[in-house]
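In what follows, a structure is listed as structure tokens, so that the remarks can point back to it.
The values are calculated or read from the model by the stated rules, or taken from the named source; none is laboratory data. Since we're looking at a predicted model, the values are computed, not measured. Heads up, the Cβs are rebuilt from the backbone with ideal geometry, glycines too, and the neighbour counts pull from every protein chain shown.
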Amino acid sequence: MKIAYLGLGIMGRPMAVNLVKAGHEVTVWNRSPKAVDGARTAATPAEAAKGADVVWMCVADTKAVEGVLFGKDGVAESLRPGMIVVDSSTIAPQATLDFAARVRAKGAEFVDAPMTGSKIGAENAQLLFIVGGPEKTVAALDPLFKVLGKKVIRVGETGAGESAKIGMNLMIAAIFEGFAEALALTGKLGVPPEKLIELIENSMIKSGVTDYKASFVLKQDWSPNFPLRLMLKDIRLMQDAAKQVKVKLPALTEIEKVYEKAVEAGHANSDYAATIETVRDL
């Protein structure tokens, strides 16, 4: 397929690389210019999208998606009937509905396909895609999903992917907060962190979050797989969505305070696992 890939960050760049490796004709664009071997580099989103079958985005937040789609030299200038726009950013579900309606008004289709699997999953094409959109359109993207990930779960119609994704990220934040608090408490009580982690790995407490993060925690390696500032952005998306549907999230409200303190401490661009430093200092 002819693909425009927009956003070459921690997740986007390896995804674009995997599409090139699979033999697709890829044009890339990034806000700060970057190149991908084997892909053409465009100066604007509109240029990248011109003539594409699929426009795939992975950018930081709701505002960035709106700018890429509808700002000056945005994708909207190149939309035509039959094109598919795929958004793998994590953004507000309500905004997704609005963006999809504006894209469809030009005859193109829209799929929200946020993913989980972090940097390593993107590099190894082991992502899990959480998808919202028309069944027929999602099926048409199957060859690309197979190049990029290990599984696709279509949650429902447009916006359902983003709604499910922020729910999953809520659980990630809550699970890691429990892990961080347990390490802080047991560390003060004299339990070596490697022993607590060994117990976790051999008990019902074991989870994908602790499995993935344990080695980084032991090394105190906060290099970003999922930057803390982006998890805080997602926490705020969760809070906004909860207000819209009148749901209380008391645990998340306290976790948000931890993330805000971690940002104040200079960890905005560290991995969200760096919140353990903040928890220890509370």
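Let me confirm something: among Arg31, Arg13, which residue is farther than 21 Å from Ala125 by Cβ, of a type in the set (Lys, Arg), modelled with pLDDT of 95 or more and not in a strand (DSSP E or B)? Lay out the reasoning, then the answer.
Values: Arg13 fails: farther than 21 Å from Ala125 by Cβ.
One residue alone meets the criteria, Arg31.
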*Got a sec? Which of Ala46, Ala113, Ala22, Ala64 is more than 15 Å from the chain's Cα centre (by Cα), hydrophobic (A, V, I, L, M, F, W, C) and crowded, with 17+ Cβ neighbours inside 10 Å?*
Ala46
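Name every residue in the stretch 241-259 that is surrounded by 14 or more Cβ atoms within 10 Å (Cβ to Cβ) and part of a helix (DSSP H, G or I), in order of residue number. I'd like the intermediate steps shown before the answer.
First, the residues of the stretch 241-259 that are surrounded by 14 or more Cβ atoms within 10 Å (Cβ to Cβ): 241-242, 249, 252, 255-256, 258-259.
Selection gives Ala241, Ala242, Leu252, Ile255, Glu256, Val258, Tyr259.
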*Could you tell me which residue of the stretch 49-61 is surrounded by the most Cβ atoms within 10 Å (Cβ to Cβ), considering only residues that are free of Cβ contacts under 8 Å to residues at least 60 places away in the same chain and charged (D, E, K, R)?*
Lys50
*Whichever residue in the stretch 100-119 is out of contact with any Phe, Trp or Tyr (no Cβ under 7 Å at 6 or more places or on another chain) and in a helix (DSSP H, G or I) and, among such residues, is nearest to Gly71 (Cα to Cα)*: Ala101
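Is it fair to say Glu109 is free of Cβ contacts under 8 Å to residues at least 60 places away in the same chain and over 29 Å from Lys243 (Cβ atoms)?
On the way: free of Cβ contacts under 8 Å to residues at least 60 places away in the same chain: yes; over 29 Å from Lys243 (Cβ atoms): yes.
Judged against the criteria, Glu109 is a match.
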_Members of the stretch 263-281 found to be of a type in the set (A, V, I, L, M, F, W, C), farther than 21 Å from Pro193 by Cα and in contact with an Asp or Glu (Cβ under 9 Å, 6 or more places away or on another chain), listed by number_ = Ala265
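Go through the stretch 67-88 and give me each residue that's surrounded by 21 or more Cβ atoms within 10 Å (Cβ to Cβ), in contact with a Lys or Arg (Cβ under 7 Å, 6 or more places away or on another chain) and not in a loop (DSSP other than H, G, I, E, B). Don't jump to the end; show me each part of the working.
Filtering the stretch 67-88 down to residues surrounded by 21 or more Cβ atoms within 10 Å (Cβ to Cβ) leaves 68-69, 75, 78-79, 83-88.
Then drop every residue that is not in contact with a Lys or Arg (Cβ under 7 Å, 6 or more places away or on another chain), which leaves 78-79.
The answer is Ser78, and nothing else.
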*Quickly run through the stretch 204-222 and pick out the residues that are part of a helix (DSSP H, G or I), closer than 14 Å to Gly178 by Cα and among the small types (Gly, Ala, Ser).*
Gly208, Ala214
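Are any residues in the stretch 29-56 in contact with a Phe, Trp or Tyr (Cβ under 6 Å, 6 or more places away or on another chain) and within 20 Å of Phe99 (Cβ to Cβ), and if so, which ones? Write out each step before concluding.
First, the residues of the stretch 29-56 that are in contact with a Phe, Trp or Tyr (Cβ under 6 Å, 6 or more places away or on another chain): 42, 45, 48, 56.
Residues satisfying the conditions are Pro45, Ala48, Trp56.
Within the stretch 129-156, track down each residue that is in a strand (DSSP E or B) and crowded, with 16+ Cβ neighbours inside 10 Å.
Let us first name the residues in the stretch 129-156 that are in a strand (DSSP E or B), namely 129-132, 149-156.
Hits for the stretch 129-156 are Phe129, Ile130, Val131, Gly132, Gly149, Val152, Arg154, Val155.
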